[in-house]
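Chemist: Input: one structure, supplied below.
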Amino acid sequence: MAATFVVTLREGFEAALLLGIVYACLDRFGARDHYRWVTLGGALGLVASILMGIAVTLLSGPLLDLGPDLVAAAVIFAAVGLLTWHGWWMSRHAQALRGDVQRRVAEAEATRRLSVLGLIAFTGVFREGAETVLFLWGLVSQTAEGASWDRLAGGALGVATAAALGWAVFHGGTRLSVRHFFTVTSVVLLLVAAGLFSTGLGKLQGLGFLPPADAFWDTSFLLSDRGLVGGFATGLVGYRARPTLIEITGYALYLVVASALFFGGRRATGPR
Amino acid sequence: MHRFALLLATTLAAVVAPSAATAADPAEIALTIEENRFQPEEVRVKAGAPFVLVVTNRDKTAEEFESRELRIEKVIPPGKTVRLRVPALKAGTYPFVGEYHEKTAQGRIIAE
């Protein structure tokens, strides 16, 4: 039970975190009536995950060898792009976003922000969605064939716990003042996106599109990236116990460039 | 940038058209998943030579072949076989797991 719990919690945590943040963003924009964009994005992400899960079981040969990996890499880099755009947008419109509620709604709607939040929800769910669907489906069919309920219950509990964490993120986010909310969100998105970016680079290395390399350092004795805590650290800041030089460089470069985008313009456009 | 584009193009060509390379086809190593265990659990390969892991899942449920060291994360549906191209490895031990049954599905590649 504990093993399946860890798997689904680990797979679901990142999606839950992103969903919590984008729902909270809408709340802070004063645009709660636009929650449907995020709900729609998340729901479509789930549908796409199920379709992908079905497609994978139907595919074979080179399509199965490479297809899902190319989709996964594309989703990762799309998510990085969307999150970067979102952080950059928040910093450019910081002044308006800190204004009164009407102004925030007008600003967010005028620049067509809200559908991008839906896209972030979509990529967040779709990224690990197909794997989670296949995993849970395996648990369901094993249980149907007479295996004990333990493993399925653990898997379901993992998904539920991830959802609860997402809700806690949302709830905590809406409690913060508008000013603090955008600062905290920018920092979290910066770290998540940097982690995703380096994960994407690592994936390209694993697929042979970037030159392979050995681990540049090894901190697995301190914190394994396989356990629960390491799993959270992976979802939140892209922790890797044994990163390659390309992954480290990509992470650092992303932090530098995105920090400039997220925080550089604030002095020019935002009030003190 | 040009060099990177060229590298990308050649790698793409190498991955998409593996049949074109006949002279130096990488060695194939078969790996089976049965009862949520890998068979064999220990794979020995030559260090410095790329190879292909041909993994067949004989179980009725999906498994995810995962190696953080090799940066491979690959779902293998029940009854399916996937070919995982692994680049030349330095001598050493590279563990892998079946993420969906991590307690039993464990193995390692030993490059020597």
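Chemist: If you take every residue apart from A:G30 with its C-beta less than 9 Å away from the C-beta of A:G30, what net charge results, scoring Lys and Arg +1 and Asp and Glu -1?
Modeler: Residues close to A:G30 contribute a combined charge of +2.
Chemist: How far is helix A:2-29 tilted, in degrees, relative to the longest principal axis of the Cα atoms in chain A, given as a value from 0 to 90 rounded to the nearest 10?
Modeler: Orientation of helix A:2-29: about 20 degrees from the principal axis.
Chemist: Rg over Rh of chain A, using C-alpha atoms and the Kirkwood radius, what does it come to?
Modeler: Taking Rg over the Kirkwood Rh, I get 0.99.
Chemist: Another question, if that's okay. With +1 on each Lys and Arg Cβ and -1 on each Asp and Glu Cβ, and nothing else charged, work out how big the dipole of the protein assembly as shown is about its Cα centre, in Debye to the nearest 20.
Modeler: Around 1560 debye, computed over the protein assembly as shown.
Chemist: Related question: Taking 22 Å as the cut-off for C-alpha to C-alpha distance, list the pairs among B:K74/B:K103; B:K46/B:K80; B:K60/B:K80 that go past it.
Modeler: Going by Cα-Cα distance, B:K46/B:K80 fall outside the 22 Å limit.
Chemist: Could you go through the range A:61-71 in sequence order and give the Karplus-derived ³J(HN,Hα) for each residue, using 6.51 cos²θ - 1.76 cosθ + 1.60 with θ = phi - 60°, rounded to whole Hz, and x for Gly and Pro?
Modeler: Those phi angles translate into x, x, 4, 6, 4, 10, x, x, 5, 5, 4 Hz.
Chemist: If you don't mind, there's one more thing I want to ask. From the helices alone, meaning DSSP H stretches of at least four residues, give me the mean residue ellipticity at 222 nm for the protein assembly as shown, per-run term -39500 (n - 2.57), in deg cm²/dmol to the nearest 500.
Modeler: Helix-only estimate at 222 nm: -20500 deg cm²/dmol.
Chemist: For the range A:191-258 and the range A:119-158, what is the separation of their Cα centres, given in Å?
Modeler: Taking the Cα centre of the range A:119-158 as reference, the centre of the range A:191-258 is 25 Å away.
Chemist: Which of A:D27, A:D69, A:D100, A:D33 has the fewest other C-beta atoms within 10 Å, and how do the rest follow up to the most?
Modeler: The order, fewest Cβ neighbours first, is A:D33, A:D100, A:D27, A:D69.
Chemist: Relative to the longest principal Cα axis of chain A, at what angle does helix A:228-237 sit, 0 to 90 degrees, rounded to 10?
Modeler: Between the helix axis and the principal axis of chain A, the angle is about 40 degrees.
Chemist: Is there a simple number for the mean count of other chain Cβ atoms within 10 Å of the Cβ of residues in B:37-50, and what is it?
Modeler: Mean partner-chain Cβ count within 10 Å for B:37-50: 0.
Chemist: Within 10 Å of each Cβ of A:206-215, how many other protein chain Cβ atoms are there on average?
Modeler: 6
Values in this text are rule-based calculations from the coordinates and carry no lab data. Bear in mind the structure is a predicted one, so any value in this text is a computation, not a measurement. Every residue, glycine among them, receives a Cβ derived from its backbone with ideal geometry; neighbour counts consider all protein chains shown.
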